[in-house]
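Okay, so here's the structure we're looking at.
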Amino acid sequence: GLNPLIIDAHSFPDFPIPPETTPIENRPDICIGTDTFHTPQPLIQVAVEAFETEGFSVMVDVPFKGTITPMKYYRREKRVRSIMIELNRKIYLGYGSDKLENFSSIKNQTRAALLKIARAAESC
């Protein structure tokens, strides 16, 4: 049967924006957001390892937690898996939203990690 995976992707600044309170020194390169019902533990582990393998610092549910799931399936259908991937803008953007020189390599590293997550989701 169909086992959809939702990858909820965002970026975040390297400084807290109200009402968020995570201190600057605790902000990872990548934040993995999860849901206790829709994000299986093996998928979380694969996501963390995929981004760490690409050289990023990773935290789960810090500074942001949760992930998007359509209300029709929310807390009703375990086959609908969802995970949030948040990229800290400091890894690819400079002052004034100028792309850093490493933008292309960050894009490729992110793509590689997302492909690992998608492949792993087929068996989670």
Rounded to the nearest 10 degrees, what's the angle between the helix 41-53 long axis and the longest principal axis of the chain, both from Cα atoms, 0 to 90?
-> 30
Using Cα pairs under 8 angstrom and six or more residues apart, how large is the relative contact order of the chain, in percent?
-> 38
Using a 10 Å Cβ count of at most 16 others and DSSP loop calls, identify the longest part of the chain lacking such trypsin sites (Lys or Arg not before Pro).
-> 1-64
Partners for LYS116 among lysines (Cα-Cα distance below 20 Å; same-chain residues under 8 apart left out) | LYS107
Which aspartates and glutamates, on any chain, are close to LYS90 with Cα under 20 Å apart, when same-chain ones fewer than 8 places away are left out?
-> ASP8, ASP14, GLU20, GLU25, ASP29, GLU52, GLU54, ASP61, ASP98, GLU101
Just flag the GluC sites (Glu not before Pro) in the stretch 23-124 sitting in loop per DSSP whose Cβ has no more than 12 other Cβ atoms within 10 Å.
-> GLU101, GLU122
Heavy-atom surface of the chain, accessible at 1.4 Å and reported per residue (Å²) | 59
Select from PRO40, ALA113, MET84 the residue farthest towards the positive end of the dipole of the chain; place +1 on Cβ of Lys and Arg, -1 on Cβ of Asp and Glu, and compute about the Cα centre.
-> PRO40
Say each of GLU77 and THR53 gets a label point 7 Å from the Cα, pointing the same way as Cα to Cβ; how far apart are those two points in nm?
-> 3.0
How many percent of DSSP beta bridges within the chain run antiparallel, rounded to 5?
-> 30
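Determine the dipole magnitude for the chain: charges of +1 sit on the beta-carbon of Lys and Arg, -1 on that of Asp and Glu, nothing else is charged, the reference point is the Cα centre, and the result goes in debye to the nearest 20.
Working: 15 positive and 15 negative charges, 119 e Å.
The calculation lands at about 580 debye.
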Remind me, relative contact order of the stretch 48-107 in percent, using alpha carbon pairs under 8 angstrom and six or more residues apart?
-> 19
Pair SER11, ASP98: separation of 7 Å Cα→Cβ label points (nm) | 1.5
Per GNM of the chain with C-alpha springs under 10 angstrom, the most fluctuating residue out of LEU100, LEU43, LEU87 is LEU100
Carbon and sulfur: what percent of the stretch 79-124's accessible surface (1.4 Å probe)?
-> 53
Can you pull the one-decimal nm distance between simple spin-label points at GLN45 and THR22, each 7 Å off the Cα toward Cβ?
-> 2.3
Quick shape check on the stretch 13-124: root eigenvalues a ≥ b ≥ c of the Cα gyration tensor, a/c under 1.5 is rounded, otherwise prolate if a/b tops b/c, else oblate, and it reads oblate
Amide H to amide H, which residues 5 or more places from VAL62 or on other chains are under 5 Å from it, using H placed in the peptide plane?
-> ILE32
Quick shape check on the stretch 16-66: root eigenvalues a ≥ b ≥ c of the Cα gyration tensor, a/c under 1.5 is rounded, otherwise prolate if a/b tops b/c, else oblate, and it reads oblate
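The values are calculated or read from the model by the stated rules, or taken from the named source; none is laboratory data. Everything quoted here is computed from the prediction, not taken from an experiment. Neighbour counts are summed over all protein chains in view; Cβ atoms, including those assigned to glycine, are modelled from backbone coordinates with ideal geometry. The accessibility values were calculated without ligands, DNA or RNA, using every heavy atom of the protein model including side chains. Shrake-Rupley method; radii C 1.70, N 1.55, O 1.52, S 1.80 Å.
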